[in-house]
């Protein structure tokens with residue numbers, strides 16, 4: 001009798017865990033680092049997506065800006081930056097702390113761009129475009145708001161498709177390293193497209209959705225839909241600022 005009860009309890013626990021994985025598995029995949037061995041598993045042919053980035057090199061370090069942006073974002077992962085969206089009066093959160101938007105400015109900083117200064121300047125030039133932020137700007141936090149970055153990139157970056165089609169090279173070639181992706185409310189979020197891809201060609205996202213920065217399978221697994229896809233470093237808008 002006891003054995004049957006234990007077996008029944010074990011089966012119930014397994015069932016509950018299975019249901020939790022089914023319901024929340026995608027969410028977990030979007031928050032934690034994508035294991036490198038997953039890219040080597042022999043499940044289906046690997047979808048090869050060509051690299052198609054601008055040669056623009058703002059800081060003249062011999063590395064294309066798009067790849068500098070990826071490297072800068074990846075440093076957040078290597079540092080294990082803890083999620084922290086707190087307000088800091090001096091503007092910059094301490095190293096090792098930050099939110100999703102902090103991945104963006106730190107990534108662009110690696111390519112030689114001061115996103116805080118660029119956003120501040122743009123708010124001064126076009127306050128109406130930024131809504132309530134334009135009426136009451138705060139340099140310490142404005143560049144750390146997803147909606148403000150969304151407006152900034154709408155004004156100064158190339159807007160690309162928000163659609164993701166696994167194993168469709170024609171679609172996936174639009175998703176290149178260093179691109180910026182924005183997800184919809186209520187879990188609005190922003191991240192950097194990685195130079196690593198799943199076997200089906202869908203790129204990983206370098207972001208910080210908590211508890212720490214990660215290079216994760218978030219593009220198709222984040223709980224809310226993609227609303228914007230930007231390329232700040234592009235031949236079409238190079239030098240637009």
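The values are calculated or read from the model by the stated rules, or taken from the named source; none is laboratory data. If you're wondering where the values come from, they're calculated on a predicted model, not measured in any experiment. Cβ sites come from the backbone with ideal geometry, for glycine too, and all protein chains shown count toward neighbours.
For (1) closer than 29 Å to residue 221 by Cα; (2) in contact (Cβ under 8 Å) with a residue 60 or more places away in the chain, each residue gets a yes or a no:
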residue: 88; (1), (2): no, no
residue: 108; (1), (2): yes, yes
residue: 117; (1), (2): no, no
residue: 120; (1), (2): no, no
residue: 146; (1), (2): yes, no
residue: 152; (1), (2): yes, no
residue: 156; (1), (2): yes, yes
query: Just checking, which of 172, 160, 204 is in contact (Cβ under 8 Å) with a residue 12 or more places away in the chain and within 24 Å of residue 84 (Cα to Cα)?
result: 204
Which numbered condition residue 99 misses (of (1) modelled with pLDDT of 95 or more; (2) within 25 Å of residue 202 (Cβ to Cβ); (3) surrounded by 14 or more Cβ atoms within 10 Å (Cβ to Cβ); (4) not assigned by the TED database to the domain that holds residue 143): (4)
task: Can you give me the number of residues within the stretch 135-165 that are more than 20 Å from residue 228 (Cβ to Cβ) and surrounded by fewer than 16 Cβ atoms within 10 Å (Cβ to Cβ)?
output: 5
statement: For the stretch 143-160, the count of residues that are part of a loop (DSSP other than H, G, I, E, B) and under 19 Å from residue 116 (Cα atoms) equals 2
task: Select from the stretch 195-211 the residues that are closer than 22 Å to residue 143 by Cα and surrounded by 18 or more Cβ atoms within 10 Å (Cβ to Cβ) and list them in ascending order.
output: 205, 206, 207, 208, 209
